[in-house]
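Each remark here refers to the structure printed beneath this line.
The values are calculated or read from the model by the stated rules, or taken from the named source; none is laboratory data. Predicted, not measured: the structure shown is a model, and the values here were computed from it. When we count neighbours, we look across all protein chains shown, and the Cβ atoms used for this are built from the backbone with ideal geometry, even at glycine. Remember, those area values only see protein heavy atoms, side chains included, never the ligands or the DNA or RNA. Shrake-Rupley method; radii C 1.70, N 1.55, O 1.52, S 1.80 Å.
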Amino acid sequence: MVTIKDVAKKAEVSSATVSRVLNGDRTLQVAEETRRRIFDAAEQLQYKKTKSRALKVSDDASTHRIGLVIWGSEQLESSDPYFIFIRQGVVKECAKQGIDVSRVIFLDELESNIPRLDLDGIIVIGKVHINLVQQMTQTDHIVSIDYALDDAHDSVVFDLGKATRQALNHLLSLGHQRIGYIGGISYVFMPEGRIHTVDAREKEFETIMREHGLYDPDYVFVDEWRTEQGYQLMKKALELKLRPTAFLIGSDTMAIAALKAIHELGLRVPQDIAIASFDDIPLASYVTPPLTTVRVLTEEMGMTAVKLLVDRINGRDYPMHVSIPTELIVRDSSGDKIDFGK
């Protein structure tokens, strides 16, 4: 039987490193090249965890080998808790059910070669086209998170349109009419490469503001989904002669960076500019002021995806699409109702 020591020898790393990487320990600082080498070695040697190595596995549990295909890069994931918490949910539920997470692939870091995955099932996190997924695997046991691949495969999502309405209607209810949007440019991974799309938050923002006769394209600022872009885009927005009195920002990490830009200009939140955002990461309640944000149950999304995948592997022959509810968490960054007529 192949052991961790065998994998470590082939990958030219320590047994401890192999154990932590194969068990999904993302606190371990290891180069992505090393991480890939370990997974490749484990696959070539056909290494499988025994029941004694799995966490909390019942005696009658069977070990499935699954892979994670992730939309962005490892750097993006490490900078955005949204993706980290989804993956934590996947890893937690896999450990509970004795499932081996055999491969982790970041699509934004792939070269031209598309890997072939010989696994029992695949969980896809982010916007990846079904044609690309099917080029990577022969299994039809595929579950997507944060994006519906198609009608035939399971998915776990939350209603971005509804979440946007929750946050934007709150700002409108406070009396704001000049409302800006800061967010990112989304894209779908296709077999031929990345295809850019307009993010659902941005689309819904425009729809709602047009319904109220308040939409102004000059108040929309988008770039890459990176924390630092929240700072840069807010700096650009604050250069407007007639700037917005409130902003809807596409993620908490971008909102936190935007707060820095506002404070540097000597403006106050929410007295001068109100803020609402998305995700409700743990840090959102500790910044100054605490963020009003839409809570997304990211870890539960990951756990639900694993349950759906196991159910599919065990014989369910019809697709299921699960929508996880969201909740608006009102904190100080949005402030109170203001009479702008005074």
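Grab the alpha carbons of segment 143-274, take their convex hull, and tell me the volume per residue in Å³.
Numbers: hull volume 15.8 nm³, N = 132.
In segment 143-274, the Cα convex hull volume per residue is 120 Å³.
The P(r) of segment 146-192 has a tail past 13 Å containing 73 percent of all C-alpha pairs.
Excluding GLU12 itself, calculate the net charge of residues whose Cβ lies under 14 Å from the Cβ of GLU12, where each Lys or Arg counts +1 and each Asp or Glu counts -1.
On the way: positive: LYS5, LYS9, LYS10, ARG35, ARG36, ARG37; negative: ASP6, GLU33, ASP40.
The answer is +3.
Think of a 1.4 Å ball rolled over the protein heavy atoms: the chain then has 47 Å² of accessible area per residue.
Summarised as an ellipsoid, the chain has semi-axes of 41, 20, 18 Å, derived from the eigenvalues of the Cα gyration tensor scaled by 5 and square-rooted, with the largest first.
For the residue pairs LYS92/LYS127; LYS96/LYS127; LYS48/LYS307; LYS48/LYS92, the alpha carbons lie more than 24 Å apart in LYS96/LYS127. For ALA274, the shell of other residues with beta-carbons less than 13 Å away shows a net charge of +2, using +1 for Lys and Arg and -1 for Asp and Glu. Whole-Hz Karplus values for segment 263-270 come out as 5, 5, 7, x, 8, 10, 10, x Hz, taken residue by residue from phi with 6.51 cos²θ - 1.76 cosθ + 1.60 and θ = phi - 60°; glycine and proline positions read x.
The gain in end-to-end length when the SER173 to ASP216 segment is fully stretched comes to 13.6 nm, 0.36 nm per residue minus the alpha carbon separation. If you plug the beta carbon distance of GLN46 and ASP108 into 1/(1 + (r/R0)^6) with R0 = 30 Å, you get a FRET efficiency near 0.55. Here segment 191-342 carries DSSP beta bridges of which approximately 35% are antiparallel, counting only pairs with both residues inside. Rolling a 1.4 Å probe over the protein heavy atoms leaves ARG165 with an accessible area of roughly 80 Å². Reported value for segment 213-342: 151 Å³ per residue, from the convex hull of its C-alpha atoms.
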